[in-house]
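A.B. asks: Before anything else, here's the structure in question.
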Amino acid sequence: LLKRILDNVRKTTPLIHNITNYVTVNDCANVLLACGASPVMADDPDDAEEITAICGGLNLNIGTLNARTIPAMFAAGRLAAKLHHPIVLDPVGAGASSRRTETAAGLLETLDITALRGNISEIKALAAGSGSTKGVDADAADAVTEETLSQTVDFAKRFAAETGAVIFITGAIDVVADTGQAYCIYNGTPMMSKVTGTGCMLSAITAAYLTANPAIPLAASAAATINMGLCGELAFARLTEKDGNATYRNYIIDEICNLDGDTLVGGARYEVR
Amino acid sequence: LLKRILDNVRKTTPLIHNITNYVTVNDCANVLLACGASPVMADDPDDAEEITAICGGLNLNIGTLNARTIPAMFAAGRLAAKLHHPIVLDPVGAGASSRRTETAAGLLETLDITALRGNISEIKALAAGSGSTKGVDADAADAVTEETLSQTVDFAKRFAAETGAVIFITGAIDVVADTGQAYCIYNGTPMMSKVTGTGCMLSAITAAYLTANPAIPLAASAAATINMGLCGELAFARLTEKDGNATYRNYIIDEICNLDGDTLVGGARYEVR
Amino acid sequence: LLKRILDNVRKTTPLIHNITNYVTVNDCANVLLACGASPVMADDPDDAEEITAICGGLNLNIGTLNARTIPAMFAAGRLAAKLHHPIVLDPVGAGASSRRTETAAGLLETLDITALRGNISEIKALAAGSGSTKGVDADAADAVTEETLSQTVDFAKRFAAETGAVIFITGAIDVVADTGQAYCIYNGTPMMSKVTGTGCMLSAITAAYLTANPAIPLAASAAATINMGLCGELAFARLTEKDGNATYRNYIIDEICNLDGDTLVGGARYEVR
């Protein structure tokens, strides 16, 4: 299945509209090209809908939201929902400011979000209407560990039921859940948190995976997450003593570019609960 | 001639004002430094004209145009035209939305554009007032091939006559034409389309080449295109099996940084029609 | 002392709010992660204050200032000052346009700026209310050399006294001064000027160093500058003949990621005047 999901992306070259932050946007574009998709960015209200109309999927990321791009997200999202395009929402920093929490909550409520990807602090902030997010990184107290995994899985499934979206809670262990099932994914490395935008990149490729595999959103979401984590491992193995987080960023994207289905299947480490 | 054109850039360090998209802007800045020029970015209407005034050339790219930057492009462009600075227009996504098509058409009509660089879909959209652009990448049906080259050359020359600009139609074969002559350039690799912003980078260095070689816009435009394509080939030769599009991006800029005139002359593959 | 300053950054993981330009913002984020800090970017007036409130330090950079981000800088800066957060101001292009000069001067006057980092043209523009900045790079006529060092030191100390900020004048030799003392720092390489954003990156890590070492702003500022210059040297030593400015950018960030206190102390080249 993982292999077929990956191949579907490479075969169909889904065109993904991204309204995303200017910090990691270049990496999102290159990672979409790497995974076999094609990116387009348009964040002005006068431009966003027409661009959505020619795309197959939409990736919304509030990392550097502003008064101009928020209406563009809603407008593009409404049209994407009407066109039955998958929509990914990355609520960067939800819980860290009311502007971010409210915007993410509004998008989640108004639009037919297919997948919501954040760290535990961000997802909790949206679930609770409150939270204690430490900037855009997850609060250490909230880290998903072996001990808290079971309750995180339950929480994710409940929130999936409530929202109708596949819920990603990414961290040391990634939980990707719909109402009935949760993938607990062990791929990845701690050093990925030293590269800005690995979360944003995962959201971007998730949009591509969902667009190329519209009938199986949970499996497609899990495959994208395994892809990202596994490529983080493969890239880490390639690092020499002199390399740091900048070279690591490049190698992660390189691995995503070169990944084939057999490697994905062979390297996947997950359980379904 | 190619060698002299390159040396003129390195000798004069042209200062290039870029109003460009936030996706590939960092690569545009580094590629300008690599080729021997100096970049400056200013996209607010209150700032753009004064920055244009101290520069030698202007690069306009509508990749993430918005309500604030469009007036800045017109204002900077009008002043640049008055100061006889070369102006490059990169109509990213023209044909994909009416906002993009109209903005690019308006800039092309209002300003004294020196060079217009796009893929065949974008250029056709501007020539026809219509088009079927697939996002920001060229439509496969429109690809410039050996079979369609002759008619593409004729089209580019006619559009050059109509607009007064050097017309770039970049793709597998790059056509760079003024009214009388067209360079058909065979440098480049298919993998360049897996790196976001190779087109934007070419537009940026074209602005530098034009600024350093004001009397010969067609030859300067062709030299910039050959430079980009050849460095794409040299960078490709440097890739190992593990490398992907992220490393490739870096190597392309590295090669532009290290390129000397003899290598440019020796590696150039083109014909003039 | 240098070693302790570095260790304090790595031990406390300061969260730095950056309102900065979209050209080099990704490098600023990765360099903050590399040095041991954590970045967050928020540049909308409705978002900036709440983000500042959860951070430990603020980095303001006017490289692509606009009508929306300028009020966000003032709002975040006022709150940061109230919270006694260190504030770094990077007046990119001050002297190149009245908008930039006035905004930088206004921020410097209104806010309690802890450190002001620019090239000699930018700092002079702010000191004089005038200047002859060539874009965002320093004017060659103004270069800080052995011959002009003594008068540059005097100027920096006077301007530090006038503003209450640590004054950075970065170039071939970096001068970092408060009212009483000036570090003259010889680390760095000429090739760093071929990488866009090395100045922006230094400003970002300075904010982290100041936040982690609040009692010793001058020494923390000098340590950040030595860090940047030394890592430029170490990265340069790693370059092969094929490498250019793109690989150099990555290696600089890599070196900052891997730098330990002993290497910093061993490689530092400076005198205090």
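A.B. asks: Restricting to region C:243-273, what's the tally of residues that are within 14 Å of chain B (Cβ to nearest Cβ), small (Gly, Ala, Ser) and assigned to a helix (DSSP H, G or I)?
C.D. replies: Going through region C:243-273, the residues within 14 Å of chain B (Cβ to nearest Cβ) turn out to be C:243-254.
If we keep only those that are small (Gly, Ala, Ser) as well, we get C:244, C:246.
From what is left, the residues that are assigned to a helix (DSSP H, G or I) are C:246.
Total satisfying the criteria: 1.
A.B. asks: Please state which one of B:Ile216, B:Ile256 is under 25 Å from A:Ser38 (Cβ atoms), out of contact with any Lys or Arg (no Cβ under 7 Å at 6 or more places or on another chain) and touching a residue at least 40 places away in the same chain (Cβ under 8 Å).
C.D. replies: Working: B:Ile216 fails: under 25 Å from A:Ser38 (Cβ atoms).
Answer to the check: B:Ile256.
A.B. asks: Let me ask something else. For residues that are surrounded by fewer than 24 Cβ atoms within 10 Å (Cβ to Cβ) and of a type in the set (Ser, Thr, Tyr), tally how many sit in region B:81-102.
C.D. replies: Adding up the residues that qualify gives 1.
A.B. asks: List every residue pair whose Cβ atoms sit under 6 Å apart, with the two residues 6 or more apart in sequence or on different chains, where the first one lies in region C:14-33 and is β-branched (Val, Ile, Thr) and the second, anywhere, is buried (at least 24 other Cβ atoms within 10 Å of the Cβ) and modelled with pLDDT under 95.
C.D. replies: Every condition considered, no pair remains.
A.B. asks: Of the residues that sit in region B:214-229 and are crowded, with 24+ Cβ neighbours inside 10 Å and not small (Gly, Ala, Ser), which one is farthest from B:Leu15 (Cα to Cα)?
C.D. replies: Among those residues, the one meeting the criterion is B:Ile226.
A.B. asks: Exactly one condition in (1) open to solvent by 10 Å² or more (accessible area, probe 1.4 Å); (2) more than 22 Å from A:Val23 (Cβ to Cβ); (3) among the aromatic types (Phe, Trp, Tyr) is not met by C:Phe168; state its number.
C.D. replies: (1)
A.B. asks: Residue check, B:Leu116 against (1) in a helix (DSSP H, G or I); (2) open to solvent by less than 10 Å² (accessible area, probe 1.4 Å), all met but one. Which one?
C.D. replies: With respect to (1) in a helix (DSSP H, G or I); (2) open to solvent by less than 10 Å² (accessible area, probe 1.4 Å), B:Leu116 is out only on (1).
A.B. asks: Return the only residue of B:Val176, B:Val144, B:Val153 being closer than 20 Å to B:Leu2 by Cα and surrounded by 15 or more Cβ atoms within 10 Å (Cβ to Cβ).
C.D. replies: Answer to the selection: B:Val176.
The values are calculated or read from the model by the stated rules, or taken from the named source; none is laboratory data. Everything quoted here is computed from the prediction, not taken from an experiment. Reconstructed Cβ throughout: ideal geometry from the backbone, glycine too, with neighbour counts over all protein chains shown. For the accessible areas, the whole protein counts, side chains as well, though only heavy atoms, and no ligand, DNA or RNA atoms are used. Shrake-Rupley method; radii C 1.70, N 1.55, O 1.52, S 1.80 Å.
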